[in-house]
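To start, the structure under review is shown below, and the notes come after it.
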Amino acid sequence: MIQYGACYYPEHWTPEQAKNHIPLMKRANINVVRMGEFAWSRFEPEQGRYRFDWMDEVIQSLHKEGISTVLCTPTCIPPQWAVVKHPGMLQRDAHGRVRNPGARCHCCKNAPEYQLLSERIVDQMARHYAEMPGVIGWQTDNEFGCHNTTRCYCDHCQAAFRDWLLEKYKDTDTVNQAWGTAFWSFEFQQWNEIPLPRAMPAGNNPSHWLDFARFSSDTQVKFQQAQYDLLKGLCPKHFVTHNFMGRFPEIDYYKLAQFTDFPSWDNYPEGCDDPFLPAYQHEITRSFTGSFWVMEQKSGPTGDSQSGLLGEQPEPGEIRRWTWQAVANGADGVCYFRWRACLSGAEQYWHGILDHDGAPRRRYAEVAKTGEELARLGKVIAGSKVETPVAILRGYPMLWSIERQPGAAGFHYDDHCYEIYRAVKRTAHGCDFVNIDSGIDKYKVLFAPCLCLADKKLADKLDAFAQAGGTVVFTPQSGARTPSNTMWAHPRPGALAAMAGLTVDEVRPYHHGQTENVEPVGSDSPVSSATVEKWVEVLACRDAQPVAQYAEGRLKEKCAAARNSRGKGAVYYLGVYLQGEALAAFVAAIAPEFPVPGIPEGVEVTRRSGKQGSFLFVINHGNQSQTLTLPSAFEELITGEKIGPEVKVARNGILVFKT
Ligand code: GLA
């Protein structure tokens with residue numbers, strides 16, 4: 001079964017207003033709701049006085065109709081009494097200003113009072129709901145770090161940061177060494193001399209910054225771990241998840257996901273966005289544990305709480321397409337945000353499946369139709385997984401390092417990862433995302449874009465992967481920095497030079513729109529002629545063979561990209577950021593073949609496999625119908641018809657084949 005649901009806020013409705021909610025959910029094939037993440041003031045109206053009866057009634061009424069509940073710990077927003085009593089638990093920004101209460105996410109996860117209050121409410125809820133029929137799992141809190149709140153600069157964080165450094169470095173001399181504090185008189189004798197990287201008149205020390213980014217991420221992970229341990233201990237029958245934010249950059253989600261049974265994420269595409277961006281985030285989220293849910297899926301016009309602007313109304317067919325896209329990329333559950341648009345509060349403009357009046361209209365009809373399809377197909381699809389030979393090494397410390405020092409104006413690490421992902425997608429292969437600690441042996445091709453922080457240990461691991469038959473691809477700026485974010489004294493790409501079989505002779509940032517043209521070297525080069533921008537490197541090959549060179553100007557015939565044979569495999573070092581068609585051609589040339597070639601632009605093809613077979617999903621995100629050729633005719637599961645090998649997929653169309 002695929003879990004199909006909605007985010008529901010019973011605390012927003014009178015019994016009269018709510019009387020049709022459960023019957024309408026049932027008619028829409030909804031089998032799960034998520035509740036409670038912002039209801040702390042209802043659960044604990046006064047300190048130590050807990051009230052769960054109102055929620056129990058809703059859970060029981062849903063359960064009678066076969067609808068399960070994912071309960072949330074409500075720690076994202078403590079009640080006002082708590083904030084008034086303990087103002088010291090409010091966060092501070094980099095300028096030392098208090099993040100005021102009244103909205104959400106304003107409490108500091110290093111504040112002892114907040115930790116204690118959170119622990120108590122989670123403990124009470126877990127004990128109360130451990131055996132309640134209908135409750136199947138928990139979502140902790142809500143979107144850690146939302147509204148730029150991962151990084152807090154209060155005094156609690158100051159103390160906790162020093163403890164974190166003590167644990168990591170043991171003594172201040174080692175910190176001085178790791179951060180290179182001889183620069184600008186930043187050397188410490190005592191722990192209490194180490195500040196937070198608050199707003200400063202000039203740029204902060206990049207190593208200080210990177211450790212603060214790591215510490216801030218670890219703070220979120222530790223908070224999650226505390227709730228995870230409590231919930232798993234008291235509710236062994238329930239799963240525990242958290243709703244991640246896809247490509248959100250501030251938390252190391254590989255670490256966070258270790259304290260979930262599976263992660264979820266919240267997907268709010270606008271019709272005008274690149275339709276493959278949700279796929280990117282589905283695959284990122286899936287990669288952490290192999291399965292995931294979409295815990296919040298846009299189902300109506302969004303209504304930003306700050307600007308007050310209304311977002312796009314989903315076009316007919318879009319909600320269904322977004323839902324199937326999640327399933328096609330491996331989701332085992334999809335919940336819409338929100339069941340019904342609320343009548344008050346910062347998000348009163350944020351629409352759900354139902355509008356404010358609760359009347360079922362066309363979005364409801366589309367949700368119901370999709371629910372009917374998933375109820376039927378879910379029986380065979382459930383349990384199947386996306387498996388792929390391709391992975392991208394997308395590491396949060398790399399992201400933070402590049403965020404601090406992108407090198408080239410307008411360069412973003414995550415956009416670069418996305419461009420590579422988009423090129424992989426055009427081959428129809430799924431793509432896993434890994435970090436430097438992940439197992440990589442099962443892959444055939446590993447992209448390690450902009451692998452700026454690299455040491456010998458990482459180089460040895462990647463080299464062993466290549467020696468065993470894998471293909472590794474590096475792109476510019478790789479290997480330049482130590483894991484502490486200082487620069488290596490060796491030529492670029494530092495520890496990666498031996499496996500790449502080359503060094504970098506010169507780097508040239510292009511901030512003002514300058515470009516270079518590159519051309520292939522050799523008839524079997526995977527690199528085609530291309531114009532590149534932002535940043536170029538001149539490579540000096542030792543063992544490696546050039547596969548591309550600069551075509552003209554002062555760099556003419558100098559090496560721009562090279563391939564080094566390594567045992568049974570190979571290492572590519574691209575000294576330029578290939579984009580668009582050139583990147584797609586390069587990826588297609590080195591990736592294993594996929595059984596459906598020539599996928600038209602805008603069409604997404606994915607594959608899930610399991611005990612009940614292998615399923616090919618074809619989704620048309622474009623504006624026109626498209627045709628593609630399958631390896632043979634197959635049964636299409638939504639209609640039950642056998643079609644192919646040539647198949648037509650309409651605009652917003654979805655085909656699911658059992659192959
Ligand atoms: C996020 C949050 C929700 C809600 C929606 C819409 O994803 O998790 O609580 O605020 O956005 O704004």
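The values are calculated or read from the model by the stated rules, or taken from the named source; none is laboratory data. For clarity, every value in this text was computed on a predicted model and none was experimentally measured. Here the Cβ positions follow ideal geometry from the backbone for every residue, glycine too, while neighbour counts run over all protein chains shown. Surface areas here come from the heavy atoms of the whole protein model, side chains and all, with no ligands, DNA or RNA. Shrake-Rupley method; radii C 1.70, N 1.55, O 1.52, S 1.80 Å.
Just going by the charge dipole of region 390-590, with Lys and Arg at +1 and Asp and Glu at -1 on Cβ, which of ILE440, HIS429, CYS541 is farthest out on the positive end?
Highest projection toward the positive end goes to ILE440.
Let me check something: with ligands and nucleic acids excluded, how do MET487, MET132 order by accessible area (1.4 Å probe), largest to smallest?
Final ranking, largest accessible area leading: MET487, MET132.
Would you grab the residues whose amide H sits under 5 Å from the one on VAL536? Only those 5+ places off in sequence or on another chain, please, with H modelled 1.01 Å from N.
Correct list: ARG508, TYR510.
Send over a whole-number figure in Å² for the accessible area per residue of region 390-590, probe 1.4 Å. Show your work: numbers first, answer last.
Numbers: 7520 Å² over 201 residues.
Per-residue value: 37 Å².
Write down Rg/Rh for the chain, rounded to two decimals, with Rg from the C-alpha atoms and Rh from the Kirkwood relation over Cα pairs.
Details: Rg = 26.0 Å, Rh = 26.6 Å.
Radius of gyration relative to Kirkwood radius: 0.98.
So, with +1 on the Cβ of K and R and -1 on the Cβ of D and E, and no other charges, what is the size of the charge dipole of region 390-590 about its Cα centre, to the nearest 20 debye?
The dipole of region 390-590 has a size of about 320 debye.
Does region 31-99 come out rounded, prolate or oblate by the C-alpha gyration tensor, with a ≥ b ≥ c the root eigenvalues, rounded set by a/c under 1.5 and, if not, prolate when a/b is larger than b/c and oblate if not? Don't skip to the answer; put the middle values down first.
Details: a/c = 5.97, a/b = 2.11, b/c = 2.84.
Because a/c hits 1.5 or more and a/b fails to exceed b/c, region 31-99 counts as oblate.
Under the 0.36 nm per residue contour assumption, what length would be gained going from the current alpha-carbon distance of GLU270 and LYS379 to full extension?
Values: separation 109, 0.36 × 109 = 39.24 nm, distance 3.02 nm.
So the chain would gain 36.2 nm between GLU270 and LYS379.
Using a cut-off of under 17 Å, list every residue of region 212-248 whose amide N is near the label point 7 Å from the Cα of GLU131 along the Cα-to-beta-carbon line.
Output list for this probe position: 233-238.
Placing unit charges on C-beta atoms (Lys and Arg positive, Asp and Glu negative, everything else neutral), compute the dipole magnitude of the chain about its Cα centre in debye, rounded to 20.
Values: 68 positive and 75 negative charges, 166 e Å.
The calculated dipole for the chain is roughly 800 debye.
Restricting things to alpha carbons, tell me how big region 603-658 is in terms of Rg and Dmax, in Å.
10.8, 35
Where both residues lie in the chain, what percent of DSSP beta bridges are antiparallel, nearest 5? Write down the numbers at each step before the final one.
Details: 53 of 99 bridges.
Taking every DSSP beta bridge within the chain, about 55 percent pair in antiparallel fashion.
From the C-alpha gyration tensor of region 390-590, pull out the three semi-axes of the equivalent ellipsoid (sqrt of 5λ each), sorted largest to smallest, in whole Å. Spell out each step's value before the answer.
Working: eigenvalues 94, 75, 61 Å².
Taking √(5λ) for each eigenvalue gives 22, 19, 17 Å, largest first.
Quick check: with the 1.4 Å probe, what order do CYS452, CYS541 take by accessible area, largest first?
Values: CYS452 0, CYS541 50 Å².
Order by accessible area, largest first: CYS541, CYS452.
Once the whole set of protein chains is in place, how much accessible area is left on TYR268, using a 1.4 Å probe, in Å² to the nearest 10?
My reading of the accessible area for TYR268 is about 60 Å².
Treating cross-link reach as a plain straight distance, find the lysines whose alpha-carbon is under 16 Å from the alpha-carbon of LYS168, omitting any fewer than eight places away in the same chain.
Candidates past the 8-residue exclusion: LYS222.
Tell me, what is the per residue accessible area of region 603-658 in Å², probe radius 1.4 Å?
Details: 2570 Å² over 56 residues.
For region 603-658, the solvent-accessible area averages 46 Å² per residue.
With charges only on Cβ, +1 for K and R and -1 for D and E, what is the dipole size of region 106-201 about its Cα centre, in debye, rounded to 20?
On the way: 8 positive and 13 negative charges, 32 e Å.
Around 160 debye, computed over region 106-201.
Just to confirm my numbers, what's the Cα centroid distance between region 258-302 and region 168-209 in Å?
37 Å
Calculate the FRET efficiency for HIS147 and LEU309 from the Cβ-Cβ distance with a Förster distance of 22 Å, rounded to the nearest 0.05.
Working: r = 17 Å, r/R0 = 0.75.
Step by step, r from the Cβ atoms, then E = 0.85.
On a full-extension model of 0.36 nm per residue, what is the gain between ASP229 and ALA103, subtracting their alpha-carbon distance, rounded to one decimal in nm? Let's see the in-between values first.
Values: separation 126, 0.36 × 126 = 45.36 nm, distance 2.79 nm.
Extra length available between ASP229 and ALA103 comes to 42.6 nm.
Rounded to the nearest 10 Å², what accessible area does GLU557 have for a 1.4 Å probe in the complete protein model?
Approximately 120 Å² for this residue.
Need one number: nm distance between label points at GLU46 and ASP163, each 7 Å from Cα along Cα→Cβ, rounded to one decimal.
Distance between label points: 3.2 nm.
With the full set of protein chains in place, find how many percent of the accessible area of the chain is carbon and sulfur; take the probe as 1.4 Å.
On the way: 12880 of 25850 Å².
Of the solvent-accessible surface of the chain, carbon and sulfur hold 50 percent.
When the Karplus curve 6.51 cos²θ - 1.76 cosθ + 1.60 is applied with θ = phi - 60°, which whole-Hz ³J(HN,Hα) does each residue of region 597-603 get, with x for Gly and Pro?
x, x, 6, x, 4, x, 9
Which distance in nm do the two modelled labels at GLN177 and LYS642 give, with both placed 7 Å along the Cα-to-Cβ direction?
7.1 nm
Calculate the length of the line joining the C-alpha centroid of region 533-572 to that of region 73-98, in whole Å.
Here the answer is 53 Å between Cα centres.
Cross-link candidates for LYS19: which lysines have Cα within less than 19 Å, leaving aside residues fewer than 8 places away along the same chain?
LYS64
Would you tell me the accessible area of VAL84, worked out with a 1.4 angstrom probe on the heavy atoms of the protein chains, in Å² to the nearest 10?
For VAL84, solvent-accessible area is about 110 Å².
Taking every DSSP beta bridge that has both residues in region 390-590, what percent is antiparallel when rounded to the nearest 5?
On the way: 27 of 42 bridges.
For region 390-590, the DSSP antiparallel bridge percentage is about 65.
Calculate one ³J(HN,Hα) per residue across region 13-19 by plugging θ = phi - 60° into the Karplus curve 6.51 cos²θ - 1.76 cosθ + 1.60, and present them in order as whole Hz with x for glycine and proline.
Once θ is set to phi - 60°, the couplings for region 13-19 become 10, 7, x, 5, 5, 8, 5 Hz.
Just name one of THR639, CYS108, PRO10: the one whose Cα is farthest towards the positive end of the charge dipole of the chain (beta-carbon charges, Lys/Arg +1, Asp/Glu -1).
Comparing the listed Cα positions along the dipole, THR639 ranks first.
Please give the FRET efficiency for ASP93 paired with SER438, using the beta carbon to beta carbon distance and R0 = 41 Å, rounded to the nearest 0.05. The partial results should precede the final answer.
Working: r = 34 Å, r/R0 = 0.82.
It comes to 0.75.
Please work out the FRET efficiency for the pair ASP261 and ASN517, using the Cβ-Cβ distance as r and a Förster radius of 45 Å; give the result to the nearest 0.05.
Values: r = 51 Å, r/R0 = 1.12.
For ASP261 and ASN517, the calculated efficiency is 0.35.
Quick one: which residues, 5+ away or cross-chain, put their amide H under 5 Å from the amide H of ALA551? H built at 1.01 Å from N.
ASN517, VAL518, GLU519, GLU557
If you roll a 1.4 Å probe over the heavy atoms of the protein chains, what accessible area per residue do you get for region 185-317, in Å²? Present the calculation step by step, with values, prior to reporting the outcome.
Working: 4740 Å² over 133 residues.
With all protein chains present, region 185-317 gives 36 Å² per residue.
Between region 401-429 and region 605-640, what's the alpha-carbon centroid distance in Å?
Computed from Cα coordinates, the inter-centre distance equals 28 Å.
Taking the dipole about the Cα centre of region 603-658, with the C-beta of Lys and Arg at +1 and of Asp and Glu at -1, give me whichever of GLN612, VAL649, LEU628 is farthest to the positive side.
Toward the positive end, the furthest listed residue is GLN612.
May I ask you to list the lysines whose Cα is less than 27 Å away from that of LYS534, ignoring any residue fewer than eight positions away on the same chain?
Partners found: LYS425, LYS556, LYS558.
With a cap of 13 neighbouring Cβ atoms within 10 Å, and only residues DSSP puts in a loop, list the trypsin sites (Lys or Arg not before Pro) found in region 20-57. Can you show the working numbers first?
Numbers: sites: LYS26, ARG27, ARG34, ARG42, ARG49, ARG51; in loops: ARG51.
Those that pass, being in a loop and sparsely packed, are ARG51.
What does the C-alpha gyration tensor say about the overall shape of region 459-555? Classify as rounded when a/c is under 1.5, otherwise prolate if a/b is larger than b/c, or oblate. Intermediate values should be presented prior to the final figure.
Numbers: a/c = 2.12, a/b = 1.23, b/c = 1.73.
Oblate, since a/c reaches 1.5 and b/c is not below a/b.
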